[in-house]
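K.L.:
The structure follows.
The values are calculated or read from the model by the stated rules, or taken from the named source; none is laboratory data. Bear in mind the structure is a predicted one, so any value in this text is a computation, not a measurement. All Cβ positions, even for glycine, are placed from backbone atoms using ideal geometry, and neighbour counts span all protein chains on display.
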Amino acid sequence: MKISYNWLKKYISIDMDIKKISNILTDIGLPIKSIKKITDIKDYILDIEITPNRTDAMSHYGIARDLYTVLKFRGYKVHLSKPIIDNEIYFHNNKYIQIFLEENKKCIRYSVILLFKIKIDTSPNWLISSLESIGIKSINNIMDIIHYVMYELGIPIHVFDLDKIIGNKIFIKNAQSSMHLQSIDNKEIIVNKKDLIISDSDQPLSIAGIINNINYNIHIKTKNIFLGIACFDPIIIRIFGKKHLIKTDVQYLLEKGIDPNLTIYALRRASFLIKEITNTKKNISNIIDVYPHPITFKKIKLRYKKIINTIGVKISKKKIKNILSLLEINIHSENDNYLLVIIPTYRIDVKREIDLIEEILRIYGINKIKISNQIKVSPIPIFFYRKENEIRRCLSQQLVCYGFQEIISNTIIKNDQYSSLLNSFFKREEIKIINPLTKNYNSMRSSLLFGMIDCIKYNYNRIFNKNFKFFEIGKIYYRNNNKFLEKTYLSISIFQIIQISENNFKINNYPFFYLKGIIEQIFQKSGIFDYTQICSKHPLLEESISILLNNKKLAELGIVKNNFFKKKNIFYAEIDWEYLVSIIQDKKIIYIPFSKYPTSKRDLSLLVEKNVSFEEINQLIKNKENHIIKKIQYDLYEGINIPKSKKSYTISFFFESQEKTLTDNIINDSMKKIEYLLKNKLKAEIRNK
């Protein structure tokens, strides 16, 4: 969204360096993407990225209001001026035109003002330059005022030629039959049955307030003008915009939801500007307003203790009240423990107590919250998690502690050769979307891998640190035997740039084993130990292995093929989440006390053929000597001084007993049995003899 610095200063008394302004806006949650200087009119244009839930900040006055709040709280001498409006008292008057709201659930409020004997002319220079500074071309004085009010207050106003409205009646209703409508850019829009329209007694004037009928547009000979503001259900606008692939500023504001309690103010603002510019003082009607079910102010209970527990520091009650006052949030009642506050209707993003706490922290300044020097560790729970949401929270926290970041990727993907290859390999039928957002993104994902790769590519091109660790818990979608199925997976990935040593050995093969270790840590926390590993085939992964439990695949990991990201390594793992959760829920809690006897370690180095996996070695040893072996660790080496057809394992054995101290004779005897098994079963060559 583009914001003019000169325009911003009309509402807030501010004389600050533009970079400082951009830093303050970024601090309060409105990141500045770029700043452009316009030398002709001595102005700066700020390109601001606003989160979709902050509709109150999608205008010049909305930005000024937020900026004023944080500057005033920080002690700056600033003043906020509201846009001047027409202060005449208006009364409902439906003698000249009548409004019929047939769809009052889809249309929350409809407000109208009529202009008579208006001369349509060019706009004054200040209005033209204000609009041109944000990339809007001047049309005429009336349309320019309408655009000005929209970018000033964030309220779209639609305009019709009043003399062309048949029957002096306006209906907000569903279309009764299909019809064609020509828009201002000469596009033909098909109006379907049950599309929400604004209509006169004969034909539609507008579809959902987004696309206007070109036949009703004002022109140089227009004398009488109809101005209307419609507050529609945002879901209706979003569905219509997606169906007809419409992306305009009007559609964007309406689909996010405008404040129905600001319609009268916006019309009064428009009428004031029209009076000033056209010099017509008595040719404006009273406001006609239809508001069957007024939106009431929300009341939220805000507890002081909850604020402290959430933020981590104590903010004085005086500062909390000051922040709420600056945010135009009124206190309805209070006591020593909590406040009952009234939320203004333009703050549609503030719905819960936690939203209020977030607003307090945003204005107070998250940079003021100091990190404690003490490390506090929660006590180990004496119970085992059973509910899926508890398991999810527990394992997500574990991955975050390992340095992973959680992502949420799009469930809609491109239907390309890789997704087709994956579906063919796993014998799945893809699910195509009948009405896709774009032509390319037209299928539901059949693997979390595609979203993970897109996320890595996006961050790789924008972040200096090129090493990423991500995870996601999400669903995949596919069809089998004409049944639509969905399945949940936990995907984990590590990204590192490939490094090759002098002997052509991949130095960063380490992340593969690190990723495997992460999975084993998840299994250990989940109480899963008796799993097996086998080499597997995967259409999109190299060097992949599958982890099985009870002969059913629980996880798969490998290196993503370079077709996706050339000369880069993505180490990827996918865990069957539903299977994992079922195992955890069925697991019985078994307490095994720590042994009071010491642990002994022995190392063994051996050469084996390249086709021998560590899992074969591991399973062979476990089946024969598992009673006193507590843990097995291994290291792999291939390269200099090792024959090309072989590889070297260094295996560490940890011996421990719950009953007695293990003597050297017992341990050495066990090691001899292990060596014998390895030599005879796997034809291994023992190296450290």
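K.L.:
Within region 223-265, work out how many residues are in a loop (DSSP other than H, G, I, E, B) and buried (at least 21 other Cβ atoms within 10 Å of the Cβ).
P.N.:
Step one: filter region 223-265 for residues in a loop (DSSP other than H, G, I, E, B), giving 223-224, 233, 244-248, 257-259.
Keeping just the survivors that are buried (at least 21 other Cβ atoms within 10 Å of the Cβ) gives 258-259.
The number of residues fulfilling the criteria is 2.
K.L.:
When you look at Ile476, is it among the β-branched types (Val, Ile, Thr) and either at pLDDT 90 or above or surrounded by fewer than 16 Cβ atoms within 10 Å (Cβ to Cβ) (or both), yes or no?
P.N.:
Values: among the β-branched types (Val, Ile, Thr): yes; either at pLDDT 90 or above or surrounded by fewer than 16 Cβ atoms within 10 Å (Cβ to Cβ) (or both): yes.
Spelling it out, Ile476 is indeed among the β-branched types (Val, Ile, Thr) and either at pLDDT 90 or above or surrounded by fewer than 16 Cβ atoms within 10 Å (Cβ to Cβ) (or both).
K.L.:
Can you confirm whether Leu340 is of a type in the set (A, V, I, L, M, F, W, C) and surrounded by 17 or more Cβ atoms within 10 Å (Cβ to Cβ)? Can you show your working first?
P.N.:
Working: of a type in the set (A, V, I, L, M, F, W, C): yes; surrounded by 17 or more Cβ atoms within 10 Å (Cβ to Cβ): no.
It is false that Leu340 is of a type in the set (A, V, I, L, M, F, W, C) and surrounded by 17 or more Cβ atoms within 10 Å (Cβ to Cβ).
K.L.:
Then there's this: For region 637-645, indicate whether the set of residues that are in contact (Cβ under 8 Å) with a residue 24 or more places away in the chain, within 54 Å of the chain's Cα centre (by Cα) and closer than 19 Å to Leu620 by Cα is non-empty. Don't jump to the end; show me each part of the working.
P.N.:
Initial filter on region 637-645 (in contact (Cβ under 8 Å) with a residue 24 or more places away in the chain): 638-640, 642-643, 645.
If we keep only those that are within 54 Å of the chain's Cα centre (by Cα) too, we end up with 638-640, 642-643, 645.
The next check asks that each one be closer than 19 Å to Leu620 by Cα; those that pass are none.
Within region 637-645 (the criterion being in contact (Cβ under 8 Å) with a residue 24 or more places away in the chain, within 54 Å of the chain's Cα centre (by Cα) and closer than 19 Å to Leu620 by Cα), the answer is no, since none of the residues qualifies.
K.L.:
Then there is this: When region 73-110 is examined, which residues are found to be of a type in the set (D, E, K, R), surrounded by 14 or more Cβ atoms within 10 Å (Cβ to Cβ) and at pLDDT 90 or above? Walk me through how you get there before you give the answer.
P.N.:
Taking region 73-110 as the starting set, the residues that turn out to be of a type in the set (D, E, K, R) are 74, 77, 82, 86, 88, 95, 102-103, 105-106, 109.
Among the residues that remain, those that are also surrounded by 14 or more Cβ atoms within 10 Å (Cβ to Cβ) are: 86, 103, 106, 109.
The answer is Arg109, and nothing else.
K.L.:
Further, regarding this structure: Show me the helices (runs of 4 or more DSSP H) entirely contained within region 275-392 in which 3 or more residues are among the acidic types (Asp, Glu).
P.N.:
Working: elements: 304-311, 317-326, 353-364.
By residue number, 353-364.
K.L.:
Which of the residues belonging to region 229-243 are under 24 Å from the mean Cα position of the chain (by Cα) and touching a residue at least 40 places away in the same chain (Cβ under 8 Å)? First the steps, then the outcome.
P.N.:
Kept after step one, since they are under 24 Å from the mean Cα position of the chain (by Cα), are these residues of region 229-243: 233-243.
Within region 229-243, Asp233, Ile236, Phe240, Lys242, Lys243 qualify.
K.L.:
From (1) modelled with pLDDT of 90 or more; (2) surrounded by fewer than 17 Cβ atoms within 10 Å (Cβ to Cβ); (3) farther than 30 Å from Gln521 by Cβ, pick out the condition that doesn't hold for Ile369.
P.N.:
Failed condition: (1).
K.L.:
Could you tell me whether Thr122 is part of a loop (DSSP other than H, G, I, E, B), among the hydroxyl-bearing types (Ser, Thr, Tyr) and over 20 Å from Thr248 (Cβ atoms)? Walk me through how you get there before you give the answer.
P.N.:
Working: part of a loop (DSSP other than H, G, I, E, B): yes; among the hydroxyl-bearing types (Ser, Thr, Tyr): yes; over 20 Å from Thr248 (Cβ atoms): yes.
When the stated conditions are applied, Thr122 passes them.
K.L.:
Something else: Condition (residue is on the phi > 0 side of the Ramachandran plot, at pLDDT below 90, surrounded by fewer than 13 Cβ atoms within 10 Å (Cβ to Cβ) and out of contact with any Gly (no Cβ under 6 Å at 6 or more places or on another chain)) applied to region 500-514: is it met by at least one residue?
P.N.:
As a first pass, look at region 500-514 and keep what is on the phi > 0 side of the Ramachandran plot: 504.
Checking the rest, the ones that are also at pLDDT below 90 come to 504.
With the extra rule that they be surrounded by fewer than 13 Cβ atoms within 10 Å (Cβ to Cβ), the set shrinks to 504.
In the following step, the residues that additionally are out of contact with any Gly (no Cβ under 6 Å at 6 or more places or on another chain) were identified as 504.
Looking for residues that are on the phi > 0 side of the Ramachandran plot, at pLDDT below 90, surrounded by fewer than 13 Cβ atoms within 10 Å (Cβ to Cβ) and out of contact with any Gly (no Cβ under 6 Å at 6 or more places or on another chain), one finds at least one in region 500-514, hence yes.
Quick grid of which residues meet (1) within 23 Å of Asp259 (Cα to Cα); (2) free of Cβ contacts under 8 Å to residues at least 40 places away in the same chain; (3) in contact with a Lys or Arg (Cβ under 8 Å, 6 or more places away or on another chain); (4) not acidic (Asp, Glu):
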| residue | (1), (2), (3), (4) |
| --- | --- |
| Leu115 | no, no, no, yes |
| Pro124 | no, no, no, yes |
| Glu132 | no, yes, no, no |
| Leu153 | yes, no, yes, yes |
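K.L.:
Of the residues Ser648, Ser657, which single one is under 49 Å from the mean Cα position of the chain (by Cα) and small (Gly, Ala, Ser)? Working first, answer last.
P.N.:
Values: Ser657 fails: under 49 Å from the mean Cα position of the chain (by Cα).
Step by step, each of Ser648, Ser657 is checked, and only Ser648 is under 49 Å from the mean Cα position of the chain (by Cα) and small (Gly, Ala, Ser).
K.L.:
Quick check on region 186-208. Is at least one of its residues small (Gly, Ala, Ser), over 30 Å from Lys282 (Cβ atoms), modelled with pLDDT under 90 and part of a helix (DSSP H, G or I)?
P.N.:
No, the conditions are met nowhere in region 186-208.
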